[in-house]
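Everything on this sheet refers to the single structure shown next.
Coordinate-derived values only; no laboratory data. Source: prediction; values computed, not measured. FYI the Cβ positions are ideal-geometry reconstructions off the backbone, even for glycines, and counts take in every protein chain you see.
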Number of protein chains: 2
Amino acid sequence: MRETFRAELGTLTDDLARAARLAGQMMTNASTALSQADLGLAELVISQEGDIKALCDDMDQRCVKLLVLQAPVATDLRMVVAAMHAVGDVQRMCNLAQHIAKIARMKHPAVPIPDEVRPVFARMGVLATSLAQDAAAAIENQDPLSAHRLAQADDEVDALRRRIFRILFSEDWSHGVEPAVDAALIGRYYERFADHAVAIARQVSFLVTGSPHER
Amino acid sequence: MRETFRAELGTLTDDLARAARLAGQMMTNASTALSQADLGLAELVISQEGDIKALCDDMDQRCVKLLVLQAPVATDLRMVVAAMHAVGDVQRMCNLAQHIAKIARMKHPAVPIPDEVRPVFARMGVLATSLAQDAAAAIENQDPLSAHRLAQADDEVDALRRRIFRILFSEDWSHGVEPAVDAALIGRYYERFADHAVAIARQVSFLVTGSPHER
C-alpha cells in the first residue's frame with residue numbers, strides 16, 4: 001500500500017515539476033511575443049489553454065484519488081495537500097502567461113511596450129521564467145534553500161514593478177494612456193506569476209522543515 | 001466518528017461562509033473608501049490583513065486535521081477538498097479588497113477615480129459584494145442555482161471592465177496616465193474578486209451535482 005502511494009506520489013510530483021517548467025516556458029514565449037510582436041508565439045501560448053486545464057484537472061483528481069485510496073497520514077498527507085495547492089498555483093501561472101500573450105496578440109503588429117520600459121520587462125521575463133524553474137527544482141528536490149532564493153527573486157520582481165510605475169508616472173512619459181495601462185497590467189501579471197512560484201516554494205519548505213516559510 | 005466529522009465540517013463551513021461575507025464587507029468598505037476618499041475606512045480594511053491570514057490559516061489547518069483524524073471518503077472527502085480550495089479563494093478576495101483600499105490610502109485626500117468611471121466602479125463594487133454574499137449563501141445552502149446566478153454577475157463584471165477600457169482609451173479622457181493606470185488596476189482587482197467568488201460557487205455546484213459546473 002505504502003509502496004503504491006510512494007510510486008504514485010512520485011509520478012505526481014514529477015508531473016507537477018514538469019507543469020511548473022511548462023509555465024516558465026510559456027512565460028518565456030509570452031515575453032518574447034510581447035517584446036518582438038511575434039504573433040505566432042502569442043498564439044502558441046494562448047492555444048495551450050485547453051491542455052493546461054486538462055493537465056491540472058488530471059493532477060487535481062490524482063491528488064483526490066491518492067487521498068481516497070491510500071488515506072495517507074502525517075507527512076504523506078501533507079505532501080498530497082501541498083501538491084493540491086501547487087497544482088492551483090501552476091495553473092494560475094500558465095493563465096498569467098496567457099494574459100501577457102493576449103496583450104501581444106491584441107496590439108499586433110505594434111509592439112505594446114515603449115522603449116523606456118522594455119528593459120524592465122525583459123528582466124521581469126527572465127526572472128519569472130527562472131522563478132518557475134526554481135519552483136520546479138524545489139518540487140523535485142524538496143529543497144527549502146531554493147525557496148529562500150525564490151523569495152529574493154520575488155523581491156526583485158516587486159522592485160521592478162515599482163520602477164515601472166515611476167517611469168509611467170514621470171513627466172517624461174510621452175506615450176499616453178494606452179501603453180501605460182498595458183504596461184501596468186503586464187507588470188501586475190509578472191508580479192502575480194512570481195508570487196505563485198514563491199507560494200509553491202513555500203509549500204515545499206513547509207514540507208521539509210515542518211514550519212511555514214516566513215519571510 | 002461520522003457524527004464528529006459532520007459536526008466539525010458543519011462548523012468549518014459556517015466559518016467559511018462567514019469569511020466569505022467578511023470578504024464582501026471588506027470590498028464594500030474598500031469601494032466606499034475609494035469613491036469618498038475615506039482614509040479611516042481604507043485603514044480599517046488594510047488593518048484586517050493579519051486577522052484574515054490567521055482565520056484562513058486556521059480553517060486550512062482544520063481541513064487537514066479533518067483529513068488526518070477522520071479519513072473521510074467519497075462525498076465527505078470531496079467536501080473537505082472543496083473547503084480547502086474555498087479557503088484559498090476567500091483569502092485572495094480579502095487581499096484584493098485590500099489592494100483597492102491601499103490605492104485609496106495612497107491617493108488620499110484625492111479621490112483617485114475620475115467622474116467618468118465612478119458609476120462603473122460603483123456598480124462593480126455592488127456586484128462584487130453581492131457575489132461574495134451569494135458565494136457565502138452557496139456554501140451554507142449547497143445551492144448550485146446560485147452558482148448559475150454568480151456566473152451571470154461575473155459576466156457583468158467582465159463587461160464593466162471592458163467598458164472601463166473604452167472610457168480610458170477614448171479621446172475624451174482628459175485625466176492623463178496616473179488615474180488611468182489606477183482605474184485599470186482597480187478594474188482588474190474587482191474582476192479577480194468576482195472570479196474567486198464564482199470559483200467558490202463552482203466548488204459547491206460540483207459537490208451537489210457531482211460534475212464540474214461548466215459555463
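State the percent of C-alpha pairs, over all pairs in the range A:94-145, separated by a distance greater than 13 angstrom. Before the final figure, lay out each step's value.
Values: 924 of 1326 pairs.
I get 70 percent for the Cα pairs in the range A:94-145 exceeding 13 Å.
I'd like the Kirkwood hydrodynamic radius of the protein assembly as shown, using the inverse of the mean 1/r over distinct C-alpha pairs, in Å.
Values: mean 1/r = 0.0448 Å⁻¹.
After inverting the pairwise mean of 1/r, the radius is 22.3 Å.
Using the number of other C-beta atoms within 10 angstrom as an exposure proxy, rank A:Thr13, B:Thr129 with the fewest first.
Values: A:Thr13 19, B:Thr129 23.
Sorted ascending by nearby Cβ count, the order is A:Thr13, B:Thr129.
Could you pull out every one of the lysines with an alpha carbon less than 25 Å from that of B:Lys102, ignoring same-chain neighbours closer than 8 positions?
Within reach: B:Lys53.
For B:Glu156, put the label point 7 Å out on the Cα→Cβ axis and report which residues of the range B:116-142 keep their amide N under 16 Å from it.
Counting only backbone N, you get B:119-135.
Taking only the C-alpha atoms, wrap a convex hull around the range A:7-136 and report its volume per residue in Å³ as a whole number.
Output value, Cα hull per residue: 85 Å³.
Across the residues of B:65-77, average count of Cβ atoms on other protein chains within 10 Å? The partial results should precede the final answer.
Working: counts 0, 0, 8, 7, 1, 0, 6, 3, 4, 1, 0, 0, 4.
Average per residue, whole number: 3.
Please state, to two decimals, what the Cα-based radius of gyration of the range B:34-83 comes to when divided by 2.2 N^0.38 Å (N = residues).
Numbers: Rg = 17.4 Å, N = 50, 2.2 N^0.38 = 9.7 Å.
The range B:34-83 yields a ratio of 1.78.
Between helix B:144-169 and chain B, what is the angle of the helix's C-alpha long axis to the longest principal axis, kept within 0 to 90° and rounded to the nearest 10?
Here the helix axis deviates by roughly 20 degrees.
Using the count of nearby Cβ atoms within 10 Å as a rough guide to exposure, how do B:Arg21, A:Arg202 rank from fewest to most? Provide the component values of the computation, followed by the final result.
Details: B:Arg21 19, A:Arg202 24.
Lowest to highest Cβ neighbour count: B:Arg21, A:Arg202.
Can you compute the equivalent ellipsoid semi-axes for the range B:119-205, i.e. the square root of 5 times each eigenvalue of the Cα gyration tensor, sorted largest first and rounded to whole Å? Before the final figure, lay out the partial values.
Working: eigenvalues 179, 20, 16 Å².
Taking √(5λ) for each eigenvalue gives 30, 10, 9 Å, largest first.
Within a 10 angstrom radius of each residue's Cβ in A:160-168, how many Cβ atoms of other chains show up on average? Whole number is fine. Don't skip to the answer; put the middle values down first.
Values: counts 0, 0, 0, 0, 1, 2, 0, 0, 4.
Mean partner shielding for this stretch: 1.
Take the alpha-carbon centre of the range A:7-38, take the same for the range A:102-125, and report the distance between them in whole Å.
That distance is 20 Å.
What list do you get for A:Asp172, A:Asp134, B:Asp155 if you sort them by fewest beta carbons within 10 Å?
Numbers: A:Asp172 6, A:Asp134 22, B:Asp155 13.
Going from sparsest to densest Cβ surroundings: A:Asp172, B:Asp155, A:Asp134.
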